[in-house]
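Data block below; observations after.
The values are calculated or read from the model by the stated rules, or taken from the named source; none is laboratory data. Since we're looking at a predicted model, the values are computed, not measured. Every residue, glycine as well, gets a Cβ built from its backbone with ideal geometry; the counts of neighbours run over all protein chains shown. SASA here: full protein model, heavy atoms, side chains in, ligands and nucleic acids out. Shrake-Rupley method; radii C 1.70, N 1.55, O 1.52, S 1.80 Å.
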Amino acid sequence: MPTPFDYDRDPERFRLASEVTRRHLTGSPSLHARLAEELVGLDARRILDIGCGEGALRSALPATWRARLVGVDASATMLAAHPPPVVQADAAALPVATGGVDAAVAVDVLDHLADPTRAIGEAHRVLAPGGVFLAATASRHDSPELADVWRSRPAGFDAEDGPGMVAAVFARVQVERWDAPLIRLPDRDAVRDYLIARFVAPGDAAAAAEQVTTPLAITKRGALISARR
């Protein structure tokens, strides 16, 4: 089941998710900072950010580093806040020349698709020989401390199934997993916001937060999948 796509209908949910992570992340660089470090290390100069949102990856890249990042998203609302160049497109039909980029990045986007394999195939097509695909996704067992009040929705692409799906398209695949208490929610308002960011209705999120003892450390589980063309 694809994760709901509500970025034009309710962009504030996405922005709340970004703010909760920014405010309550503990002890580790953000995922986008980790990806930026990887891209710089690879010396990737032509980057396609698939499902770019409002530009978190662009913001994480060093301002002095000379590279061209093109943001791709299906949401016009997200692209309106992303620095150019941007293009509105489906991840499964990228308007990019074959072999045209050094790196293709997909952060928390493949779970939104009915057929993630098509998008993975498109990422493979647009990469130059030796180019790298980086896909980050959550585990179906993310946030176990909230299991009594919330369970993540089943998705078509997650940290459990995603590596195999990428390996079906790319010959060389590596997986870097995370499983650590990376978020600290200090009070019930923070718990409520964390749940709203995960598609829980505000009233239900507030009621669930009342059942939780705070402060609460949240274990984040997921994977960064890297594959070379």
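Once you list every other residue whose beta carbon is under 15 Å from the beta carbon of residue 219, what net charge do they have if Lys and Arg are +1 and Asp and Glu are -1?
+3
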Which ³J(HN,Hα) values in Hz, rounded to whole numbers, follow from the phi angles of the stretch 219-229 under the Karplus curve 6.51 cos²θ - 1.76 cosθ + 1.60, where θ = phi - 60° and Gly and Pro get x?
7, 9, 10, x, 8, 9, 9, 10, 9, 10, 5
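Ignoring ligands, DNA and RNA, what accessible area per residue does the stretch 85-229 give at 1.4 Å, in Å²? Please list the in-between numbers first.
Details: 6480 Å² over 145 residues.
On a per-residue basis, 45 Å².
Give me the extension gain from residue 33 to residue 77: residue separation times 0.36 nm, minus the current Cα-Cα distance, reported in nm with one decimal.
Working: separation 44, 0.36 × 44 = 15.84 nm, distance 2.34 nm.
Once the chain is fully extended between residue 33 and residue 77, it gains 13.5 nm.
Under the definition of Cα pairs under 8 Å and six or more residues apart, what whole-number percent is the relative contact order of the chain? Show your work: numbers first, answer last.
Working: 449 pairs, mean separation 51.0, N = 229.
In percent, rounded to a whole number, it is 22.
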For the stretch 161-229, evaluate the Debye formula with one uniform point scatterer on each Cα (no solvent term) and list log10 I(q)/I(0) at q = 0.12, 0.24, 0.27, 0.29 Å⁻¹, rounded to two decimals.
-0.49, -0.94, -1.08, -1.17
Over the stretch 142-211, calculate the relative contact order: mean separation of alpha carbon pairs under 8 Å at least 6 apart, over the residue count, as a percent.
30
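Subtracting the Cα-Cα distance from 0.36 nm times the residue separation, let me have the gained length for residue 90 to residue 141 in nm, one decimal.
Numbers: separation 51, 0.36 × 51 = 18.36 nm, distance 2.78 nm.
Stretched fully, the residue 90-residue 141 segment lengthens by 15.6 nm.
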Along each of the three principal axes of the Cα atoms of the chain, give the extent in whole Å, ordering the values from largest to smallest.
52, 34, 32
With a 1.4 Å probe and every protein chain kept in, tell me what percent of the accessible surface of the chain is carbon plus sulfur.
51
Placing each pseudo-label 7 Å from Cα in the direction of the beta carbon, residue 175 and residue 45 end up separated by a distance in nanometres of 3.5
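Per 0.36 nm of contour for each residue apart, how much would the distance between residue 189 and residue 16 grow if the chain were fully extended, relative to their Cα-Cα spacing?
Working: separation 173, 0.36 × 173 = 62.28 nm, distance 1.23 nm.
Working it through step by step, the gained length comes to 61.1 nm.
Can you give the helix-only mean residue ellipticity at 222 nm for the chain, where every DSSP H stretch with n ≥ 4 adds -39500 (n - 2.57) and the sum goes over all residues, rounded to the nearest 500 deg cm²/dmol? Write out the running numbers ahead of the final one.
Values: 8 runs with 70 residues, N = 229.
Rounded to the nearest 500, the figure is -8500 deg cm²/dmol.
So if the hydrodynamic radius of the stretch 7-101 is defined as the Kirkwood radius over C-alpha pairs, what does Stokes-Einstein give as its diffusion coefficient at 10 °C and 1.306 mPa s, in µm² per second? Walk me through the numbers on the way to the answer.
Numbers: Rh = 14.3 Å.
Diffusion coefficient, whole number: 111 µm²/s.
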Per residue of the stretch 181-195, in order, report the coupling 6.51 cos²θ - 1.76 cosθ + 1.60 (Karplus, θ = phi - 60°) as ³J(HN,Hα) in whole Hz, putting x for Gly and Pro.
x, 9, 10, 10, 8, x, 8, 5, 4, 5, 4, 4, 5, 4, 6
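Compare 32, 24 by solvent-accessible area with a 1.4 Å probe and give them largest first, with all protein chains kept in place. Each step should come with its number before you reach the end.
Numbers: 32 55, 24 25 Å².
I get 32, 24, largest accessible area first.
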Given the options 76, 130, 150, identify the residue whose Cα lies farthest towards the positive end of the charge dipole of the stretch 47-176 (+1 on Cβ of Lys, Arg; -1 on Cβ of Asp, Glu).
130
